[in-house]
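Before any comments, here is the structure.
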Amino acid sequence: MALLPILRYPDPRLHTRATPVREVNDEIRRLIADMAETMYEAPGIGLAATQVDVHKRVVVIDVSEDKSELLALINPEILERSGEHLGEEGCLSVPGIYDKVVRAERVKVRALNQKGESFEMEADGLLAVCIQHELDHLEGKVFVEYLSQLKQTRIKGKLAKKARITA
């Protein structure tokens, strides 16, 4: 396993739409293991392949307290959404920035697991929010794009200043 570099907003590669995984093989399973290690190290609760500059429809999520419930979703798609949830979100690609975003409270998702088997699941609360957030990444969208133009401009400025200081 290896730690992968996480792209930082506003890197244009974050806007690349991910392509479907054609075959769940050892390469994809290795990607999932590397993504999980990267997510836990960051630390975060979700990571999309797009964020590590791999443009395949793969996400890893673990919202458990003890980091023992890794969920890998390959070629995920949301089948149903219901309710509304306004909550504060952050993102490993937008470090140190948090803001409120409206998402569905509950989702039903279909995906492939690491064996290539199709499954469906329902999620609510934090897991539902995380799934929607990570699937946005697969479509080339970062959570700050739900915010006003003014907030986006301020965030870009703040991140650019932080990058200059640490460079």
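Summary table
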read-out	value
Qualifying positions in the stretch 133-167 - in a loop (DSSP other than H, G, I, E, B) and open to solvent by 30 Å² or more (accessible area, probe 1.4 Å)	Glu139, Lys141, Ser148, Ala167
Unique match (being open to solvent by less than 20 Å² (accessible area, probe 1.4 Å) and under 24 Å from Arg29 (Cβ atoms)) among Ser93, Ser68, Ser118	Ser93
Every residue from the stretch 1-34 that is within 18 Å of Cys91 (Cβ to Cβ) and open to solvent by 60 Å² or more (accessible area, probe 1.4 Å)	Leu3, Pro5, Arg8, Pro10, Pro12, Arg13, His15, Arg17
Flag if Arg17 is assigned to a loop (DSSP other than H, G, I, E, B) and modelled with pLDDT of 95 or more	yes
Enumeration of residues in the stretch 96-114 that are open to solvent by less than 40 Å² (accessible area, probe 1.4 Å), of a type in the set (Gly, Ala, Ser) and assigned to a strand (DSSP E or B)	Ala111
In the stretch 42-95, residue farthest from Met121 (Cα to Cα) [restricted to those that are outside any helix (DSSP H, G or I) and of a type in the set (Ser, Thr, Tyr)]	Ser93
Filtered residues of the stretch 35-57 (kept if touching a strand residue (DSSP E or B) at 6+ places or on another chain (Cβ under 7 Å) and either open to solvent by less than 50 Å² (accessible area, probe 1.4 Å) or modelled with pLDDT under 95 (or both))	Met35, Ala36, Thr38, Met39, Gly46, Leu47, Ala48, Ala49, His55, Arg57
Filter result for Leu79 (within 21 Å of Ser148 (Cβ to Cβ), surrounded by fewer than 14 Cβ atoms within 10 Å (Cβ to Cβ) and out of contact with any Pro (no Cβ under 7 Å at 6 or more places or on another chain))	no
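The values are calculated or read from the model by the stated rules, or taken from the named source; none is laboratory data. Please read all numbers here as calculations on a predicted model, not as lab measurements. Reconstructed Cβ throughout: ideal geometry from the backbone, glycine too, with neighbour counts over all protein chains shown. Note: accessible area is taken over every heavy atom of the protein model, side chains too, but ligands, DNA and RNA are not part of it. Shrake-Rupley method; radii C 1.70, N 1.55, O 1.52, S 1.80 Å.
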